[in-house]
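The values are calculated or read from the model by the stated rules, or taken from the named source; none is laboratory data. Remember, predicted model here, so these are calculated numbers, not experimental data. Neighbour counts are summed over all protein chains in view; Cβ atoms, including those assigned to glycine, are modelled from backbone coordinates with ideal geometry.
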Amino acid sequence: METITVSGAYGRDYNSAAAAKADWAAGKDFEILTLGYHRYISKAEADGANLKVMIRYKGQTKVVAA
């Protein structure tokens, strides 16, 4: 299982881990930050590709497992 790091797409940022995880669970788009990727992804796509996802939030200074 590969691990990728994402952040809110289209300029979205989150002040809390709970808010970031809620949008991930709701299927919103996130931008992939991991080197080698240059696209957006949602929970459904990550689940289908068997990826472990870490979400960066609060100006990309904190991280939480999705």
- Task: Any chance you could count how many residues in the stretch 26-61 are touching a residue at least 40 places away in the same chain (Cβ under 8 Å) and in contact with a helix residue (DSSP H, G or I) (Cβ under 7 Å, 6 or more places away or on another chain)?
- Result: 3
- Message: Within the stretch 14-25, take every residue that is in contact (Cβ under 8 Å) with a residue 12 or more places away in the chain and among the hydrophobic types (A, V, I, L, M, F, W, C) and give me the one that is surrounded by the most Cβ atoms within 10 Å (Cβ to Cβ).
- Response: Ala20
- Task: Taking Val6 as meeting all but one of (1) out of contact with any helix residue (DSSP H, G or I) (no Cβ under 7 Å at 6 or more places or on another chain); (2) in contact (Cβ under 8 Å) with a residue 12 or more places away in the chain; (3) not in a strand (DSSP E or B), write down the number of the exception.
- Result: (3)
- Query: In the stretch 33-66, what count of residues is obtained for those that are of a type in the set (A, V, I, L, M, F, W, C) and within 16 Å of Met1 (Cα to Cα)?
  - Reply: 8
- Query: So, of the residues in the stretch 35-53 that are assigned to a strand (DSSP E or B) and surrounded by 15 or more Cβ atoms within 10 Å (Cβ to Cβ), which turns out to be modelled with the lowest pLDDT?
  - Reply: Leu51
